[in-house]
Structures are given as C-alpha cells and as structure tokens.
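Just below is one structure, and these are the notes that go with it.
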Amino acid sequence: MDVPTPRDDDQEPSLFRATDRGRRALRHAQLLLGLLAIAVAVLVGGAAAAQQVVPAPAPGTTLVQAELLEPSPLPEVAMLTSTLTTRARWTAPGGTQHTGQLPVVAGLAKGDLVPVAVDAGGSVVDARVGGADPLRAGLVAGLSTLLACWAVLALAVSLCRSRLDAIDAEDWETGWARVEPEWSGRA
C-alpha cells in the first residue's frame, strides 16, 4: 500500500482569500517603498546641499557684515519680483561707514547681519556672498522629495486598496446571491 508522503512544494490550505494575501503584499510593499523614499530623499538632500557652495570673495575684496537698517521684504513680495533690496550699513576695511541698498533674501529683520564682499574703498563688490545655505537647501530638497514620494505612495496604496475592496464586495454579492434563497427559506 502506497502512503502519500508530503512534498516540500505542497502548501498548507489557507483560510486567506486572494485579496487578503494581496493586502498583506501591499503592506509589505508600502513599508519597503516608504523606506526607499527616505533613502532617495537623503540622497537628493545631500546632492542639493553639495550644489550650494558659498562662493569665495574675489581677490582684493574683504568680507564685512552689513547691518540691515530696515526689514527685508516679506516672502510674498519675493514671489512678485526676483530682486529684493534693503537699506543696510557696513564698515569698509579702512573704517569708514557706508550706507546703501543691498540685495537680500526675504524675511530678514531690522538689525540682522548679512555678509557682503567690499573692495578697499568700501564699495560692495558682491552682495551674494553667504546667500547660499547648504544645510537649508539640503533639508528643503530632502523633505520635499520625501513628502512627494510619500504622497504618491499613499495615492497608489489607496487605489490598490479600493480595488481590493471592490473585488471583496463583488465576491460577497456573488456568494450571497448563491446562498440567500436557501438561507432565507425562499428556495
């Protein structure tokens, strides 16, 4: 008498429906893709921070701190115009005080210090020195990337779950239509 022996490729019967297994696979994929989004965001943030190199002042110039005499325009104004200027005061290398308009970033307060490059006479050579903040640029790029990836992932997961719910609803309707007449006593 031959007795069947279990094989390694035999699977145990499962009470899980195909949609249940699909939901489990979707959860695993969501977790892995969420972690992958973090890795991508770190790489994008690092690349953005590496691109933000603060230029060195030209030869023959000196870096000085200019004090803002009035607050810089609000960020809303920055959306309307590409160049923002604010009155500032700085001291030349020879000790003379200068006042003038400097290009600045939006949202600075009165009294804030902004680094500028000046020549020996105190004239501003390049007011953009120190305008780049590698840490801020990297954080903004990384967080923006992470939020965008997670938003796309959430949308995709939501669509997949709604499709799995629709399949379950169709199976429920089909099964109930088959069982209901006998269950309710109409058959």
- Task: Any residue in the stretch 99-116 that's over 17 Å from residue 63 (Cα atoms): show its pairings with residues that are hydrophobic (A, V, I, L, M, F, W, C) at Cβ separation under 6 Å, as long as the two are six or more apart or on different chains.
- Result: 106/78; 106/84; 108/68; 110/68
- Task: Output the residues belonging to the stretch 160-186 that are in contact (Cβ under 8 Å) with a residue 40 or more places away in the chain and open to solvent by less than 60 Å² (accessible area, probe 1.4 Å).
- Result: 164, 167, 168
- Evaluate the stretch 37-52: report whether one residue or more is more than 18 Å from residue 151 (Cβ to Cβ), open to solvent by 90 Å² or more (accessible area, probe 1.4 Å), modelled with pLDDT under 90 and not in a helix (DSSP H, G or I). no
- Message: Looking only at the stretch 139-159, count every residue that is open to solvent by less than 50 Å² (accessible area, probe 1.4 Å) and more than 30 Å from residue 48 (Cα to Cα) and tell me the total.
- Response: 0
- Could you please let me know if residue 179 is at pLDDT 95 or above and out of contact with any strand residue (DSSP E or B) (no Cβ under 9 Å at 6 or more places or on another chain)? no
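The values are calculated or read from the model by the stated rules, or taken from the named source; none is laboratory data. For clarity, every value in this text was computed on a predicted model and none was experimentally measured. Here Cβ is always computed from backbone atoms with ideal geometry, including for glycine, and neighbour counts include all displayed protein chains. Accessible surface is based on the protein model in full, side chains and every heavy atom, while ligands, DNA and RNA are left aside. Shrake-Rupley method; radii C 1.70, N 1.55, O 1.52, S 1.80 Å.
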